[in-house]
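Structure, as structure tokens:
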Amino acid sequence: MNPIDKLMQGHTDFRNGFYHENQALLQELGSKGQSPKVTVISCCDSRVDPAVLTTSKPGDLFVIRNVANLVPPYVEKTSSWHGTSAALQFAVCHLEVEHIIVLGHANCGGIRSLFDPEGGTAEDSGFIGTWMRIADKVRKQILEDPSLATQEERISACEQRSIQISLDNLRGYPWIADRISQGQLELHGWFYDLVAGKLSQLNETESQFYEICD
């Protein structure tokens with residue numbers, strides 16, 4: 001079965017299974033609109049699906065996906081497109097979500113590209129290189145860290161430490177900062193280990209990740 005036929009068969013299975021079993025919920029969401037309490041900023045990676053990882057139902061999560069689950073710094077007026085920033089503004093200002101999770105993961109191709117000797121400069125590597133500049137501060141810190149002896153150790157460290165950069169950038173958005181100060185919004189950093197299938201949560205005070213469950 002080719003990939004498109006597989007998807008169409010999957011939709012048939014969805015209609016006969018999940019949709020049939022959850023028809024009332026899905027019709028209510030379709031007619032009344034969405035009201036999720038949580039936004040997840042996740043990587044585009046096909047192996048990382050926030051709804052699957054958390055066993056969430058349709059309508060539970062407002063998911064924003066991009067390369068390497070990065071949040072750009074707040075820039076009020078530029079000529080650039082702002083897909084992630086626009087989605088954040090919609091989630092916070094219109095949906096009034098109460099939590100934002102930055103969900104990083106192991107074996108991230110975007111983070112790996114920061115350490116690829118064949119990758120060239122951001123100018124040479126097109127859209128990806130330019131986007132990944134958001135994490136360049138972390139890359140430089142890691143390259144100067146003598147405790148990280150191998151390339152794989154550096155990449156793994158960057159996958160986790162870049163989550164803090166995105167959390168810091170989120171706090172730079174005035175409408176996010178306002179809601180945090182009023183106790184209306186909380187930020188979280190999570191990391192998913194693809195092989196072990198485990199989620200960890202960042203303790204920002206200690207700069208350490210702790211497994212959410214055993």
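None of the figures in this text is laboratory data; all of them are computed from the coordinates on show. Worth saying up front: this structure is predicted, and the values here are computed from it rather than measured. We place every Cβ from the backbone using ideal geometry, glycine too, and count neighbours over all the protein chains shown.
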Ranked highest first by average number of other Cβ atoms within 10 Å, how do 130-138, 106-114 line up? 106-114, 130-138
Of I128, S35, S56, whose Cα points farthest to the positive end of the dipole of the chain (charges on the beta-carbon: +1 Lys, Arg; -1 Asp, Glu; origin at the Cα centre)? S35
Ratio of alpha-carbon Rg to the 2.2 N^0.38 Å globular estimate for region 34-211, to two decimals, please. 1.02
What is region 1-40 by shape, rounded, prolate or oblate, if you read a ≥ b ≥ c off the alpha carbon gyration tensor as root eigenvalues and call it rounded for a/c under 1.5, prolate for a/b larger than b/c, and oblate otherwise? oblate
Taking the Cα atoms only, what angle lies between the long axis of helix 23-32 and the longest principal axis of the chain, rounded to 10 degrees? 70 degrees
So, R0 is 35 Å and r is the distance between the beta-carbons of F18 and D116; what FRET efficiency does that work out to, to 0.05? 0.30
So H94 and V75, fully extended at 0.36 nm per residue minus their Cα-Cα distance, gain in nm 4.9 nm
